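Chemist: Structure in C-alpha cells, see below.
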Amino acid sequence: GAGVSQSPSNKVTEKGKDVELRCDPISGHTALYWYRQSLGQGLEFLIYFQGNSAPDKSGLPSDRFSAERTGGSVSTLTIQRTQQEDSAVYLCASSLRFSSDTQYFGPGTRLTVL
Amino acid sequence: QKEVEQNSGPLSVPEGAIASLNCTYSDRGSQSFFWYRQYSGKSPELIMFIYSNGDKEDGRFTAQLNKASQYVSLLIRDSQPSDSATYLCAVPGGNTPLVFGKGTRLSVIA
C-alpha cells in the first residue's frame, strides 16, 4: 500500500471489554509510532517502535495498554478492560528511520467506549 | 522535557490575506522542524519541513526558521477557506520521537 493503514476505522465497545487496534506502516519504514487524540485536543504520544523493539513504554497511559510489533511491520495496540476515558482517536504513524525523519500518519481508529 | 508551544487560536483571517502561524521550542539543539495540517476529523498531513535558518517556500506556503530565537513560523499567502484547519508544529526530540505542539486552529473567512 502507498500509505499507513489502520483498522478498524471505527470501534464501539462496552466498558470492560478488550480491544485490539492494528497499524500497517508504509513498506520499508523501520519506525512506527502510536498517538492518541481526544476530541479537540492535541496529539498524545503513546509509544514508538524501532524495528520490533519499543525502548520506552512510559507514554502508555496505564498498564491496561500494551503494544507489540512483529516482523518489523504490523503493530497492534491492545487496550484491556476499556474505560470511557479511553474513547479517542488512535493514530499510527511511520517513518523511514527513527527520530528526525518525517512521520506519515494513518487515518486513525476512532474508539468509543460505552 | 522538550516543549513546543503554539497559540491555540482560533486565528481568523479573511480570504486572500496572509496567515501567520508561530511556534517556539525549548531545545536549542533541534535541527529540523515540521509543519503538519490537520483537517477536522482527519489525521495530520505533512506540509513542510525546514532544516536551515531562513525561509523555505513551497507554493503558497513559506516556513521561516530562526534558531537563535528558537521559533519557526508558517506563512500562508492568499489564504483560502480550504486552508481552514489546525496546524501542528513538530520538533524532533533527539532520542525521542517528534514532539508536537497542540496546534493553532486557523479559520479563513470567505
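Chemist: Taking strands (runs of 3 or more DSSP E) that do not extend beyond the range B:56-110, which have at least 3 residues that are farther than 26 Å from A:ALA54 by Cβ and over 13 Å from the mean Cα position of the chain (by Cα)?
Modeler: Working: elements: B:61-66, B:71-76, B:85-91, B:104-109.
Where strands (runs of 3 or more DSSP E) fall fully within the range B:56-110 and carry at least 3 residues being farther than 26 Å from A:ALA54 by Cβ and over 13 Å from the mean Cα position of the chain (by Cα), they are B:104-109.
Chemist: Only residues that are under 11 Å from B:VAL72 (Cα atoms) and touching a residue at least 12 places away in the same chain (Cβ under 8 Å): list them for the range B:44-61, please.
Modeler: Of everything in the range B:44-61, those that are under 11 Å from B:VAL72 (Cα atoms) and touching a residue at least 12 places away in the same chain (Cβ under 8 Å) turn out to be B:PHE49, B:ILE50, B:TYR51, B:SER52, B:ASN53.
Chemist: So for the range B:87-94 (the condition being without any contact (Cβ under 8 Å) to a residue 60 or more places away in the chain and either surrounded by 14 or more Cβ atoms within 10 Å (Cβ to Cβ) or not basic (Lys, Arg) (or both)), does at least one residue qualify? Quick ask: steps written out before the conclusion?
Modeler: Start the filter on the range B:87-94 by keeping residues that are without any contact (Cβ under 8 Å) to a residue 60 or more places away in the chain, which leaves none.
No: the range B:87-94 contains no residue that is without any contact (Cβ under 8 Å) to a residue 60 or more places away in the chain and either surrounded by 14 or more Cβ atoms within 10 Å (Cβ to Cβ) or not basic (Lys, Arg) (or both).
Chemist: Going by the structure shown, is B:ARG28 out of contact with any helix residue (DSSP H, G or I) (no Cβ under 7 Å at 6 or more places or on another chain), basic (Lys, Arg), modelled with pLDDT of 95 or more and at negative phi?
Modeler: Details: out of contact with any helix residue (DSSP H, G or I) (no Cβ under 7 Å at 6 or more places or on another chain): yes; basic (Lys, Arg): yes; modelled with pLDDT of 95 or more: no; at negative phi: yes.
So B:ARG28 fails the test.
Chemist: Is one or more of the residues making up the range A:36-49 closer than 30 Å to B:ARG105 by Cα, surrounded by 17 or more Cβ atoms within 10 Å (Cβ to Cβ) and basic (Lys, Arg)?
Modeler: Yes, there is a match, as at least one residue in the range A:36-49 is closer than 30 Å to B:ARG105 by Cα, surrounded by 17 or more Cβ atoms within 10 Å (Cβ to Cβ) and basic (Lys, Arg).
Chemist: Which of the numbered conditions does B:SER82 fail, given that it passes all the others? Conditions: (1) free of Cβ contacts under 8 Å to residues at least 60 places away in the same chain; (2) within 14 Å of another protein chain (Cβ to nearest Cβ).
Modeler: So the condition that B:SER82 fails would be (2).
Chemist: Could you pull out every one of the strands (runs of 3 or more DSSP E) wholly within the range A:2-55 that has 1 or more residues that are of a type in the set (Asp, Glu) and at pLDDT 95 or above?
Modeler: Working: elements: A:5-7, A:10-13, A:19-24, A:31-37, A:44-50.
Result: A:19-24.
Chemist: State yes or no: is A:ARG110 part of a strand (DSSP E or B), surrounded by fewer than 21 Cβ atoms within 10 Å (Cβ to Cβ) and modelled with pLDDT of 95 or more? Can you show your working first?
Modeler: Working: part of a strand (DSSP E or B): yes; surrounded by fewer than 21 Cβ atoms within 10 Å (Cβ to Cβ): yes; modelled with pLDDT of 95 or more: yes.
Criteria met by A:ARG110.
Chemist: I want to confirm something. Restricting to the range B:32-78 and keeping residues that are polar (S, T, N, Q) and loosely packed, with under 13 Cβ neighbours inside 10 Å, which single residue is nearest to the other protein chains (Cβ to nearest Cβ)?
Modeler: Narrowing the range B:32-78 to residues polar (S, T, N, Q): B:32, B:38, B:40, B:43, B:52-53, B:62, B:64, B:66, B:69-70, B:73.
With the extra rule that they be loosely packed, with under 13 Cβ neighbours inside 10 Å, the set shrinks to B:40, B:52-53, B:66, B:69.
Values: B:SER40: 10, B:SER52: 14, B:ASN53: 17, B:ASN66: 19, B:SER69: 21 Å.
In this case the residue turns out to be B:SER40.
Chemist: Does A:SER58 count as without any contact (Cβ under 8 Å) to a residue 12 or more places away in the chain and within 14 Å of chain B (Cβ to nearest Cβ)? Let's see the steps before the verdict.
Modeler: Working: without any contact (Cβ under 8 Å) to a residue 12 or more places away in the chain: yes; within 14 Å of chain B (Cβ to nearest Cβ): yes.
Against the criterion (without any contact (Cβ under 8 Å) to a residue 12 or more places away in the chain and within 14 Å of chain B (Cβ to nearest Cβ)), A:SER58 qualifies.
Chemist: Quick one: would you say A:LEU60 is farther than 30 Å from B:PRO10 by Cβ and assigned to a strand (DSSP E or B)?
Modeler: Working: farther than 30 Å from B:PRO10 by Cβ: yes; assigned to a strand (DSSP E or B): no.
In short, no.
Chemist: Run B:GLY103 past the list (1) more than 8 Å from chain A (Cβ to nearest Cβ); (2) in contact (Cβ under 8 Å) with a residue 12 or more places away in the chain; (3) within 26 Å of B:GLY16 (Cα to Cα) and report the number of the one that doesn't hold.
Modeler: (1)
Chemist: Would you confirm whether any residue within the range B:32-40 is farther than 28 Å from A:CYS23 by Cβ and either modelled with pLDDT under 90 or of a type in the set (Ser, Thr, Tyr) (or both)? Let's see the steps before the verdict.
Modeler: If we filter the range B:32-40 for residues that are farther than 28 Å from A:CYS23 by Cβ, which is where we start, we get none.
No, the range B:32-40 contains no residue that is farther than 28 Å from A:CYS23 by Cβ and either modelled with pLDDT under 90 or of a type in the set (Ser, Thr, Tyr) (or both).
The values are calculated or read from the model by the stated rules, or taken from the named source; none is laboratory data. Everything numeric in this text was worked out from a predicted model, so none of it was measured. Because the Cβ atoms are built from the backbone with ideal geometry, glycine has one as well, and the counts that use them run over all protein chains shown.
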